[in-house]
Amino acid sequence: MISSVKHTPFSASTDFLPKKRFLTPTLKFSPLPIIQNSIFNNKFSSEKPLHISSTQNLTFSPKEQQKELKTQCNAYEADRSRPLDINIEVLDEQARFEAAQRLKIGIYFATWWALNVVFNIYNKKVLNAFPYPWLTSTLSLACGSLMMLVSWATRIAEAPKTDLEFWKSLFPVAVAHTIGHVAATVSMSKVAVSFTHIIKSGEPAFSVLVSRFLFGETLPMPVYMSLLPIIGGCALAAVTELNFNMIGFMGAMISNLAFVFRNIFSKKGMKGKSVGGMNYYACLSMMSLLILTPFAIAVEGPQMWAAGWQKAIAQIGPNFVWWVAAQSIFYHLYNQVSYMSLDQISPLTFSIGNTMKRISVIVSSIIIFHTPVQPVNALGAAIAILGTFIYSQKIFPPFGFVLPTWLYGDKRPAEQPFNLL
């Protein structure tokens, strides 16, 4: 229907008209009765012609249009929905970040455990065919040192800035690290891998005893109580071990004590030093290599190595060379991943991860090497591992307790090296 326009004295008000409709000369009405009635409030009927006296009142100034636009933007639904969308975006961003961090930590842990399991398997294979732990330990440190030197030369990793004072403070740390590394390798050459790691799970007991008797520091009673299952479990596992060997047992015990002193020297001597993480361990490996090499030559010697090497090649074949290379490479890699993970997680999380690492090594070595295990021996191992887990819950700050002052020093705990072997 076409509406006619006549000049009559009637003056139409613009309050009830849709303003945007009059920008064109042709008037259109909604075909829906509901919309039509709601707009015109039943004052007009589409069946009658519309008479407009003047078109001057149908024009709108820019201010009125802007005012109408502002009124529409300030609607209740728009104001309430905008901050809600922002909050949702912030929460989604935070959730994505936390998920990425958990995934990153999970990858670190999975890689750490896998590399450690592979190292222990190849290390035991090498020691079974080539029972010279001093040379095996030397090759592990030499391989890691060579890998880091190549990384620094090719700028894959940034070389650390060190001075003479740094190397002086690193020397006692390297001595303790060398003793602990060799002692652990000697232990694995005499007993099963699982037994060595069961005994090494008792390191927290050495840490607490050293802090108590050498430094006179007293820890809360729950910490001492958490040592009882560690000591009891290790003792039960040692007594019931079918292939018990005193040299292997003492090697693991000496390794525990050496690594405790390594941590002591590291915290006391490295205060204020900027070298940490991968580069710290690389420098530690290089100095340990210089310390260990003359002792390895004196204890075993090239003649014994040559004879043992020929015998191993004759028994195993060319694969023996791969075993030696693999145990050396994986030893360095799993330690590097361990130090990298320390920058991403708390000491409590690292301690729990270290406990789980020992469980994975013990179980995998028993399966691969078909190690005979008695139920009582397995119970002792489980008690010792459980005690180590309880100790980690009691000793770390999130649970209300603090470590000995020598163990952390002034640095953040995550920046300090732990027992990684």
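Limited to the range 86-98, what total is found for residues that are under 22 Å from Tyr339 (Cα atoms) and at pLDDT 80 or above? Steps first, please.
Quick first cut of the range 86-98, residues under 22 Å from Tyr339 (Cα atoms) only: 98.
Checking the rest, the ones that are also at pLDDT 80 or above come to none.
Residues in the range 86-98 being under 22 Å from Tyr339 (Cα atoms) and at pLDDT 80 or above: 0 in total.
Suppose the filter is in a helix (DSSP H, G or I) and open to solvent by 30 Å² or more (accessible area, probe 1.4 Å); does Leu284 pass it?
Values: in a helix (DSSP H, G or I): yes; open to solvent by 30 Å² or more (accessible area, probe 1.4 Å): no.
For Leu284, the condition - in a helix (DSSP H, G or I) and open to solvent by 30 Å² or more (accessible area, probe 1.4 Å) - is not met.
Identify all residues within the range 203-224 that are touching a residue at least 12 places away in the same chain (Cβ under 8 Å) and either closer than 13 Å to Ile264 by Cα or outside any loop (DSSP other than H, G, I, E, B) (or both); write none if there are none. Please lay out each step first, then the result.
Initial filter on the range 203-224 (touching a residue at least 12 places away in the same chain (Cβ under 8 Å)): 203-208, 210-211, 215, 217, 219-220, 222-224.
Passing the criteria: Glu203, Pro204, Ala205, Phe206, Ser207, Val208, Val210, Ser211, Phe215, Pro222, Val223, Tyr224.
Might you let me know whether the range 228-240 holds any residue that is touching a residue at least 60 places away in the same chain (Cβ under 8 Å), open to solvent by less than 40 Å² (accessible area, probe 1.4 Å), assigned to a helix (DSSP H, G or I) and of a type in the set (Val, Ile, Thr)?
Among the residues of the range 228-240, at least one is touching a residue at least 60 places away in the same chain (Cβ under 8 Å), open to solvent by less than 40 Å² (accessible area, probe 1.4 Å), assigned to a helix (DSSP H, G or I) and of a type in the set (Val, Ile, Thr), which makes the answer yes.
Working only within the range 159-173, note down all residues that are part of a helix (DSSP H, G or I) and surrounded by fewer than 24 Cβ atoms within 10 Å (Cβ to Cβ).
Let us first name the residues in the range 159-173 that are part of a helix (DSSP H, G or I), namely 164-173.
Across the range 159-173, the qualifying residues are Leu164, Glu165, Phe166, Trp167, Lys168, Ser169, Phe171, Pro172.
Only residues in the range 243-263 that are closer than 12 Å to Phe195 by Cα and open to solvent by 10 Å² or more (accessible area, probe 1.4 Å) count as the first member; pair them with residues that are not in a helix (DSSP H, G or I) and not hydroxyl-bearing (Ser, Thr, Tyr), Cβ under 6 angstrom, at least 6 apart or cross-chain, and list the lot.
Within 6 Å, the pairs are Asn245/Val191.
Condition first: touching a helix residue (DSSP H, G or I) at 6+ places or on another chain (Cβ under 6 Å) and either aliphatic (A, V, I, L, M) or at pLDDT below 90 (or both). Now tell me which residues in the range 176-193 satisfy that.
Looking only at the range 176-193, we keep the residues that are touching a helix residue (DSSP H, G or I) at 6+ places or on another chain (Cβ under 6 Å), and these are 176-191, 193.
Passing the criteria: Ala176, Ile179, Val182, Ala183, Ala184, Val186, Met188, Val191, Val193.
All but one of (1) within 17 Å of Ser365 (Cβ to Cβ); (2) open to solvent by 40 Å² or more (accessible area, probe 1.4 Å) hold for Ala184, so report the exception by its number.
Checking Ala184 against (1) within 17 Å of Ser365 (Cβ to Cβ); (2) open to solvent by 40 Å² or more (accessible area, probe 1.4 Å), the one that fails is (2).
What are the pairs, 6+ residues apart or on separate chains, where a residue within the range 356-370 that is surrounded by fewer than 17 Cβ atoms within 10 Å (Cβ to Cβ) has its Cβ under 8 Å from a residue that is of a type in the set (Lys, Arg)?
Note: pairs meeting the criteria are Phe369/Lys124.
Kindly check whether there is at least one residue in the range 201-218 that is closer than 22 Å to Gln327 by Cα and not acidic (Asp, Glu). Talk me through it step by step, then tell me what you get.
Here is the first cut: in the range 201-218, the ones closer than 22 Å to Gln327 by Cα are 201.
The next check asks that each one be not acidic (Asp, Glu); those that pass are 201.
Looking for residues that are closer than 22 Å to Gln327 by Cα and not acidic (Asp, Glu), one finds at least one in the range 201-218, hence yes.
Of the numbered conditions (1) modelled with pLDDT under 85; (2) open to solvent by 10 Å² or more (accessible area, probe 1.4 Å); (3) farther than 23 Å from Pro133 by Cβ, Ser266 satisfies every one except a single condition; which is it?
For Ser266, the failing item is (2).
Report whether or not Ile198 is within 29 Å of the chain's Cα centre (by Cα) and open to solvent by 80 Å² or more (accessible area, probe 1.4 Å).
Working: within 29 Å of the chain's Cα centre (by Cα): yes; open to solvent by 80 Å² or more (accessible area, probe 1.4 Å): no.
No.
The values are calculated or read from the model by the stated rules, or taken from the named source; none is laboratory data. Nothing here was measured: the structure is a model prediction, and the numbers come from that model. We place every Cβ from the backbone using ideal geometry, glycine too, and count neighbours over all the protein chains shown. Side chains are part of the model used for accessible areas, which takes the heavy atoms of the whole protein and leaves out ligands, DNA and RNA. Shrake-Rupley method; radii C 1.70, N 1.55, O 1.52, S 1.80 Å.
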